[in-house]
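All remarks here apply to the structure that follows.
The values are calculated or read from the model by the stated rules, or taken from the named source; none is laboratory data. The shown structure was predicted, so the numbers you read here are calculated from the model rather than taken from an experiment. No Cβ is skipped: glycine too gets one built from the backbone with ideal geometry, and neighbour counts run over all protein chains shown. Accessible surface is based on the protein model in full, side chains and every heavy atom, while ligands, DNA and RNA are left aside. Shrake-Rupley method; radii C 1.70, N 1.55, O 1.52, S 1.80 Å.
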Amino acid sequence: LTQGQSSFSSEVNNYSKMLNSLSKDNLIILDEIFNSTSSEEASALAISIFNYISKNSSSHIFVSTHHQMLKTFLYENKNFK
């Protein structure tokens, strides 16, 4: 925000940096992922990120969220607990 970015742009930049620095095995803890955008868009973005991480590393992700679509996806997908 101090660099003149919106909350959403700042979040996107942070997640982009995280993905670019991903190693083989990480512990990733996310609190209220994409909280600065609509719930549907946030869920879709988060699902894309989680799928990318699961395909490109053996990382563990802990996430807190109020996004119902994301919670439903994670609950129904056997790759996530």
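Using a 1.4 Å probe, what is the accessible area per residue for the chain, in Å²? Provide the component values of the computation, followed by the final result.
On the way: 5620 Å² over 81 residues.
With all protein chains present, the chain gives 69 Å² per residue.
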For the chain, the percent of accessible surface on carbon and sulfur atoms (probe 1.4 angstrom, ligands and nucleic acids excluded) is 51 percent
Quick one: plug the Kirkwood hydrodynamic radius of the stretch 1-58 (C-alpha pairs) into Stokes-Einstein at 4 °C, 1.567 mPa s, and report D in µm²/s. 106 µm²/s
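Taking 0.36 nm per residue of sequence separation and subtracting the Cα-Cα distance, how much length would be gained by fully extending the chain between S16 and D31, in nm to one decimal? Can you show the working numbers first?
On the way: separation 15, 0.36 × 15 = 5.40 nm, distance 1.61 nm.
Gain on extension, S16 to D31, equals 3.8 nm.
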Describe numerically, in nm with one decimal, the distance between label points set 7 Å from Cα along Cα→Cβ at S38 and at H66. 1.8 nm
Spelling it out for L30: with amide H atoms placed in the peptide plane at 1.01 Å from N, the residues 5 or more places away or on another chain with amide H under 5 Å from its amide H are F62, V63, S64
Tell me the mean residue ellipticity at 222 nm calculated for the chain from its helices only (DSSP H runs of n ≥ 4, each -39500 (n - 2.57), averaged over every residue, nearest 500). -16000 deg cm²/dmol
